[in-house]
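The structure appears right after this line, and notes come after that.
The values are calculated or read from the model by the stated rules, or taken from the named source; none is laboratory data. Quick caveat, the model's predicted, so the values are computed rather than measured. For neighbour counting, all protein chains shown are included, and Cβ atoms are generated from backbone atoms with ideal geometry for every residue, glycine included. Surface areas here come from the heavy atoms of the whole protein model, side chains and all, with no ligands, DNA or RNA. Shrake-Rupley method; radii C 1.70, N 1.55, O 1.52, S 1.80 Å.
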Amino acid sequence: MKTTLIKDILISNPDGREVTVYGWVRTKRETKNLIFIQVNDGSCFASIQLTFDHDTGIDSETLAQLKQITTGASIQATGTLIESPASGQAVEVRATKLLVLGEAPADTYPLQKKHHSFEFLREIAHLRPRTNTFGAIARVRSQMSYAIHTFYNDRGFQYVHTPIITTSDCEGAGEMFQVTTLDLEALAKLPPKKEDSPTPVVDFSRDFFGKPASLTVSGQLEAETYAMAVSRVYTFGPTFRAENSNTTRHLAEFWMIEPEMAFYDITDNMDLAEEFIKFLLSWALEKCADDMAFFDARIQPGIIDTLKKVVSSKFVRITYTEAIKELEKNANKFEFKPFWGCDLQSEHEKFLTEKVYNGPVIVTDYPREIKAFYMKLNEDGKTVRAMDVLVPGLGEIIGGSEREEDLKHLEERITDMNLDLADYWWYLDLRRYGSVPHSGFGLGFERLLLYITGMNNIRDVIPFPRAPKLADF
Ligand code: 4AD
Ligand code: MG
């Protein structure tokens, strides 16, 4: 069954050529002589209109099929492509034949109303892609993936597939999902090994990998090994965090883009991050114009202008110390009082981007205590060469740094953070043999999509969200 997508039919010449339309019915409307059907196949935002005319005759078979049509039914229809007399659409199909491929009984099909709440739609994640909003998100998500590969491919980066299952904790934060084939129920029933130990001690040598393993929180460490061989790399894949964050910006499973570059310092890193974000926003504005027009009209008025402004502006760059000074001046505005050494809270990030600088801000040189072990220590011995990109409405969208390339310093940092040096033997080898200055960062893909679409909840920009107590599909 070779079909033509509605997006291609819509841009064809309305010269009376015969076309066959495949898709799902959005609406059906009747006047005395005419029957109008809006059909959508998700290939683009717009639906195509089929018009059946009693005056020119509708055969009895098609008439019977037309009776079965309700919102959500799938159909195949044939007719001629003509210029549309109606406003808002260039072409329509003067249809003569119709076949219902799959009915959608009106008494049970859940997508009846024009507007459903996002909460309700989350409960029917298997049907929500058929709505305007989720169709648009699906297309933008796909376009952005393509844009990401294009950006790096054009700049000499190699795409590296870092592992999903890992035995090292990249962020050193311990928020990892364990991967095991051990029978947990059977283990729970085992008597404690010692009188005073309440739970049985797990023998991981009997587990699948012979030691504890988890789902990765980041592909960075493995990406670094390839940057130390082929200079510029990136990973783009799913990452997993078992943090108990029930917010509109956190998922337990999210996608991350992580470039890693040999011979890049923190300034090169910031330049790349800024160029990358601007490239992606421009791509969305240009290649997803219809979907962006929808987000601008229905989801976040003004989003197109905001993104255009970001593309043509220079990102503000400040140090953490400067950021804290700015926040301390306004200390009374915060629930969590800012002080040098504190982790920036989302209220602080929002204040900096929305009230002080009114645009994206790159914050650098954070205190070593609140950042990961792999970040390069500055000469002051107190701060590390970290860089977070913060944006209005969201807060952190990118986290990255120049990496510690000095073996001694890195070993100290690992030990300081109570991590086991032995677990990082291969990562330390990269500093033992041919170590070079290098940098990288991670862009949260769903945070990027929130930023571009103006959607409010991160659970709505990934097809099947995973969060605490949420993995229904
Ligand atoms: O700042 P993070 O934790 O950095 C890293 O994982 C580094 N290893 C990246 C690197 O340097 N290669 O996470 C990076 C980004 C954040 O800025 C945020 O956009 C996103 O990942 N992120 C999340 N997105 C959704 N849900 C979560 N739970 C997220 N945690 C982080
Ligand atoms: Mg971070």
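A few comments on the model shown:
- Odd one out for TYR366, checked against (1) touching a Cys at 6+ places or on another chain (Cβ under 8 Å); (2) not in a helix (DSSP H, G or I): (1)
- Checked against the criterion of being exposed (fewer than 15 other Cβ atoms within 10 Å of the Cβ) and under 21 Å from the mean Cα position of the chain (by Cα), the range 254-264 contains not a single residue that satisfies it.
- Filter result (out of contact with any strand residue (DSSP E or B) (no Cβ under 8 Å at 6 or more places or on another chain) and surrounded by 13 or more Cβ atoms within 10 Å (Cβ to Cβ)) within the range 151-162: PHE151
- Annotation note: of GLY381, GLY393, GLY434, the sole residue that is at positive phi, open to solvent by 10 Å² or more (accessible area, probe 1.4 Å) and either within 28 Å of the chain's Cα centre (by Cα) or within 15 Å of ligand 1 (Cβ to nearest atom) (or both) is GLY393.
- Those helices (runs of 4 or more DSSP H) of the range 369-473 in which 3 or more residues are within 16 Å of ligand 2 (Cβ to nearest atom) and farther than 17 Å from ALA262 by Cα occupy 445-453.
- Test: residue in the range 205-220 that is in contact with a helix residue (DSSP H, G or I) (Cβ under 9 Å, 6 or more places away or on another chain), open to solvent by 40 Å² or more (accessible area, probe 1.4 Å), of a type in the set (S, T, N, Q) and free of Cβ contacts under 8 Å to residues at least 24 places away in the same chain: no
- TYR264 being touching a residue at least 12 places away in the same chain (Cβ under 8 Å) and within 21 Å of PHE151 (Cα to Cα): yes
- Residue within the range 398-407 that is open to solvent by 30 Å² or more (accessible area, probe 1.4 Å), at pLDDT 95 or above, within 12 Å of ligand 1 (Cβ to nearest atom) and among the basic types (Lys, Arg) present: no
- Under the condition of being aliphatic (A, V, I, L, M) and either closer than 24 Å to TYR226 by Cα or under 22 Å from the mean Cα position of the chain (by Cα) (or both), the residues counted in the range 155-193 number 5.
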